[in-house]
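Trainee: For reference, the structure I am asking about is given below.
Please treat every number below as a calculation from the coordinates, not as lab data. As the structure is a prediction and not an experimental result, all values here were calculated from the model. So basically every Cβ, Gly included, is an ideal-geometry build from the backbone, and we count neighbours across all protein chains shown.
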Amino acid sequence: MSETITSQDAEYAIDIVERICTQVGPGLPGTAQERERAAVIERELESHLGSGNVVVEEFTLAPGAFLGSQLISTICMLFAALLNMSIGRFTGVSPRVTAAAALAFSISSVLLFILEFVIGFELVDPFFKKKRSINVIGILRKPGTQNVKRLLILSGHHDSALEFTWLRCTGYGFFILMVTWLIGLLTVLLMSIVQLAGVMSGNADVIRASTIGWVLLTYPILPSIIFAAFYARGRANGGLVPGAADNLSACALAVAMCRFLVENPSCIPDDTEIRFITFGSEEAGVRGSRRYAQRHLDELEHLDVRLLNYETIAHPEIAILTSESNGTVKNSPEMVKSVVAAAQRAGIPYKVKPATLGTGSDAGPFSRAGLKAATLLGFNVQQMVAFYHQERDTPEVLTLEPLLNVLKLTFEWIRNGG
């Protein structure tokens, strides 16, 4: 076989996606269907690497906590609004107590969203039901390699997501609703702060002005509550979303790159080990990659490790992310520079951009741990509205060009040592 990536490699990746979607279907974090998806990938890696070079690692998580935190945050917002509105209406209850309680609930709603959803702390996870998930790891070295000095990791995630109800029903209106929810959180917080200040100072005009009325209830508070209450659907069994683009495309690319390198071992740099990892439960808050980074941190810190993560590869122009976890964690500049150089050598369209709110992937836990990592994202807003976290994320949304571009970039990145 020629030491060149071809369209056949991309076709092989699409075949894997089609097989998983047909034979297994959706696979929410912690479900039997997620394990079945992982098992297909495990067998495919074993066909190239041999069973002795593929391992499965189990871990525990609370799948409902990540998105569940948004609903809890909204409930706190609702309690804060009700307390704010009821000031002076409870006989024998000091307005200071009511105003202070409203502020406490409103602060809790904002902090919970920031700490659990934006930053990624497992804050409410202990209160949710626990399940088991798995990571699949394939290991490859150039024949004869004994002393490994550098570790290159190619990764994606094999679980699928809950369906986003409002994105499916409203399209671009989803963004308006999301902004409305954020406005609701901040509005209740601001009104609660001002109200408590008015109570403490004894200023009746300030109390009156900062007490929530029908206008703010109509917008943004009630729309925010409805938005959060029906945010996602499809919790039974493996869910509703096939997840062909998000993120079986990434898993299939990792396997395709594995097959190519097994057939072309001379492309593997000396003293280098390559791991092909598909993480579980990314859609539950990158739990699989977090567990892997925590479990292997000592090993990873003693190697020159570099992780190149794939996320939703469906658009020809590949975004190289300079940050992770909603923009709160910076990716290694050295890593980003090496990926940009690989994209230039491969001659593929690319752009360099930071992660925005709502963007987080399996590179995040590695970058947070101080390891070199970056994500390739092949996705745009039009595609998000069309199929992201929806039943429409089927193999039909995939085309050869985006997959081929990522394979070409990865090939250049690997043969130049990452």
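Trainee: What residue among Ile183, Ala252, His296 has its Cα farthest toward the positive end of the dipole of region 176-316, where the charges are +1 on Lys, Arg and -1 on Asp, Glu, each on the Cβ?
Mentor: Ile183
Trainee: At what distance in nm do the modelled label points of Leu182 and Thr22 sit from each other, each positioned 7 Å from its Cα along Cα→Cβ?
Mentor: 4.2 nm
Trainee: So what's the back-of-envelope 222 nm ellipticity for the chain, counting only DSSP H runs of four-plus at -39500 (n - 2.57) apiece and dividing by all residues, rounded to 500?
Mentor: -14500 deg cm²/dmol
Trainee: On a 0 to 90 degree scale, rounded to 10, what angle separates helix 173-201 from the longest Cα axis of the chain?
Mentor: That works out to roughly 40 degrees.
Trainee: Can you sort Trp214, Trp166 so the residue with the fewest Cβ neighbours within 10 Å comes first?
Mentor: The order, fewest Cβ neighbours first, is Trp214, Trp166.
Trainee: Hey, another quick one. Tell me, Cys76, Cys169 in order of fewest to most beta-carbon neighbours within 10 Å?
Mentor: With the sparsest Cβ surroundings first, the list reads Cys169, Cys76.
Trainee: Still on this structure, please answer the following. Between 0 and 90 degrees, rounded to the nearest ten: what's the tilt of helix 249-263 against the longest Cα principal axis of the chain?
Mentor: 20 degrees
Trainee: By what distance, in whole Å, do the Cα atoms of region 1-111 stretch along each of the three principal axes, largest value first?
Mentor: Here the Cα extents, ordered largest to smallest, are 82, 29, 26 Å.
Trainee: Can you list the equivalent-ellipsoid semi-axes of region 213-343, largest first and in whole Å, using the square root of 5 times each Cα gyration tensor eigenvalue?
Mentor: Taking √(5λ) for each eigenvalue gives 37, 19, 16 Å, largest first.
Trainee: Which angle between 0 and 90 degrees, to the nearest 10, do you get for helix 7-23 versus the longest principal axis of the chain when only C-alpha atoms count?
Mentor: 50 degrees
Trainee: Let me ask something else about it. Among the listed pairs Lys131/Lys351; Lys130/Lys330; Lys149/Lys408; Lys130/Lys351; Lys142/Lys337; Lys142/Lys353, which have their C-alpha atoms separated by more than 32 angstrom in this model?
Mentor: Lys131/Lys351; Lys130/Lys351; Lys142/Lys353
Trainee: If you don't mind, there's one more thing I want to ask. Which whole-number value in Å³ per residue fits the convex hull of the alpha carbons of region 192-280?
Mentor: Details: hull volume 19.8 nm³, N = 89.
It is 223 Å³ per residue.
Trainee: Let me ask something else. Would you mind giving the average projected area, over all directions, of the Cα convex hull of the chain in nm² with one decimal?
Mentor: Mean orientational projected area (the chain, Cα hull): 21.3 nm².
Trainee: About its Cα centre, how strong a charge dipole does region 240-319 have in debye, to the nearest 20, once Lys and Arg get +1 and Asp and Glu get -1 at the Cβ?
Mentor: Numbers: 7 positive and 13 negative charges, 66 e Å.
Here region 240-319 has a charge dipole of around 320 debye.
Trainee: Which of the peptides 398-404, 44-50 is most tightly packed, and how do the rest follow, going by the mean number of other Cβ atoms within 10 Å of each residue?
Mentor: Numbers: 398-404: 20.6, 44-50: 18.9.
Ranked by mean Cβ neighbours within 10 Å, highest first: 398-404, 44-50.
Trainee: Roughly how many debye, to the nearest 20, is the charge dipole of region 326-418 about its Cα centre, given +1 on each Lys and Arg Cβ, -1 on each Asp and Glu Cβ, and no other charges? Provide the component values of the computation, followed by the final result.
Mentor: On the way: 10 positive and 7 negative charges, 97 e Å.
So the magnitude is around 460 debye.
Trainee: Now a separate question. If you average 1/r over all unlike Cα pairs in region 99-231 and invert the result, what Kirkwood radius do you get in angstrom?
Mentor: 19.2 Å
Trainee: May I ask you to evaluate 6.51 cos²θ - 1.76 cosθ + 1.60, the Karplus curve with θ = phi - 60°, for each residue of region 102-114 and list the ³J(HN,Hα) values in order in whole Hz, giving x for glycine and proline?
Mentor: Taking θ as phi minus 60°, the curve returns 4, 5, 4, 5, 5, 5, 4, 5, 6, 5, 4, 4, 5 Hz for region 102-114.
Trainee: With θ taken as phi - 60° and the coefficients 6.51, -1.76 and 1.60, list the Karplus ³J(HN,Hα) couplings across region 282-287 in order, rounded to whole Hz; mark glycine and proline as x.
Mentor: Working through the residues one at a time gives 5, 6, 9, x, 6, 6 Hz.
Trainee: Answer with one residue from Trp166, Leu307, Leu400: the one whose Cα lies farthest towards the positive end of the charge dipole of the chain, charges on Cβ with Lys, Arg +1 and Asp, Glu -1.
Mentor: Working it through, the farthest residue towards the positive pole turns out to be Trp166.
Trainee: Over region 70-146, one equal point on each Cα, no solvent: what is log10 I(q)/I(0) by the Debye formula at q = 0.11, 0.15, 0.24, 0.25 Å⁻¹?
Mentor: Taken in order of the listed q values, log10 I(q)/I(0) reads -0.49, -0.68, -1.05, -1.09.
Trainee: What dipole magnitude, in Debye to the nearest 20, does region 1-148 give about its Cα centre under +1 on Lys/Arg Cβ and -1 on Asp/Glu Cβ?
Mentor: 880 debye
Trainee: In nm, give the distance between the simple-model label positions of Ser47 and Tyr219, each being 7 Å from the Cα along the Cα-to-Cβ direction.
Mentor: Inter-label distance under the simple model: 5.5 nm.
Trainee: Provide the convex hull volume over Cα atoms per residue for region 297-408, in Å³. Each step should come with its number before you reach the end.
Mentor: Working: hull volume 11.9 nm³, N = 112.
Expressed per residue, the convex hull around the Cα atoms of region 297-408 is 107 Å³.
Trainee: Same structure, new question: Considering the dipole of region 1-142 built from charges on the beta carbon (Lys and Arg +1, Asp and Glu -1) around the Cα centre, which of Gly92, Ala10, Phe59 is farthest to its positive end?
Mentor: Gly92
Trainee: Additional query: Starting from the Cα of Ile193, step 7 Å toward the Cβ, then list every residue of region 208-235 with an amide N under 16 Å from that point.
Mentor: Of the residues in region 208-235, 210-211 have backbone N under 16 Å from the label point off Ile193.
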